[in-house]
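Beneath this line is the structure, given in structure tokens, with notes to follow.
Where a number appears in this text, it was derived from the coordinates with a stated rule and is not lab data. This structure is a prediction, so every number in the text was calculated from the model and none was measured. Reconstructed Cβ throughout: ideal geometry from the backbone, glycine too, with neighbour counts over all protein chains shown.
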Amino acid sequence: MFQFSNRVRTILARNITVGDTALIAASGTGAEFPSPAAPGDAIALTLVSASNSRHYEIVYCVQRNGDTFTVWRGQEGTTPLPFQSGDLISLNMTAALYRRMMQAGYLGQFSQEVAQSPSAYRKGSIVCDGTDAAVYWISLQDQNSTAPGAGNPTWMKLDLPSFQKAIQNGGGGGSGTSPFPTSLQGVTLDRYGDAFFLNEKLELTAKLLQRQQWASARQKEARFQQKVAVALRKFGVEL
């Protein structure tokens, strides 16, 4: 997962070549940047020459130790380049990060660009099928860099026929096994046990009994009022 901070930038303390994977920033400035800790965490950094703004490179920092950044070079279509002490390092939004953001009503198709990033696809990520707009896939593991498809156990197909088949195969047919991956059990479909449904039944039964008692009381009141009206009419009194 990419991490962010606002308006964070510094400069290189040492020159780097195209093959270097460690960047050393000016002393004490590294602490202003996030620290990727969990596997798959990263920071998108932009390196820019102080003398030529067209000389730039995007790198993904996957670990920071003080002022030292461990990076993947040449990301998002850029090429690894040499940089000099004093060149700029900044944490900016990039085109790839914007493309990773979910837009209203659209989950997006599987992307090799996302799959090849440090975080890849997280567990629970949902993507559209590339050929059938009615089919989705859910990732069953973190840092999933594989493409979804039939036979890939790291993705589960999310379409109505698949769900119906899974329910028919495991919905009380005697096998005693759940049709859904164990990684999803206890999180979504199996979250509620027998006690939950028993409590629901008791609560609904109590509400129904209360309604019946209220209706019965209303009927008794209506009959009583009718009797009173009949009795008063005998004395010439109309309500």
With DSSP loop assignment and no more than 16 other C-beta atoms within 10 Å, the chymotrypsin sites (Phe, Trp or Tyr not before Pro) in the range 205-239 are Phe235
Counting DSSP beta bridges with both ends in the range 17-157, the antiparallel % (nearest 5): 95 percent
Residue-span extension gain [Lys123 to Lys234] - 0.36 nm each, minus C-alpha spacing: 31.9 nm
May I ask for the distance between the Cα centers of the range 108-137 and the range 209-239, given as a whole number of Å? 67 Å
Using the C-alpha atoms of the range 102-158, what convex hull volume per residue, in cubic angstrom, is computed? 77 Å³
Spatial extent of the range 1-141: Rg and Dmax, with the Cα atoms as the point set, Å: 16.6, 53
As an exercise, use a Förster radius of 22 Å and the Cβ-Cβ distance of Met93 and Gln116 to find the FRET efficiency, rounded to the nearest 0.05. 0.70
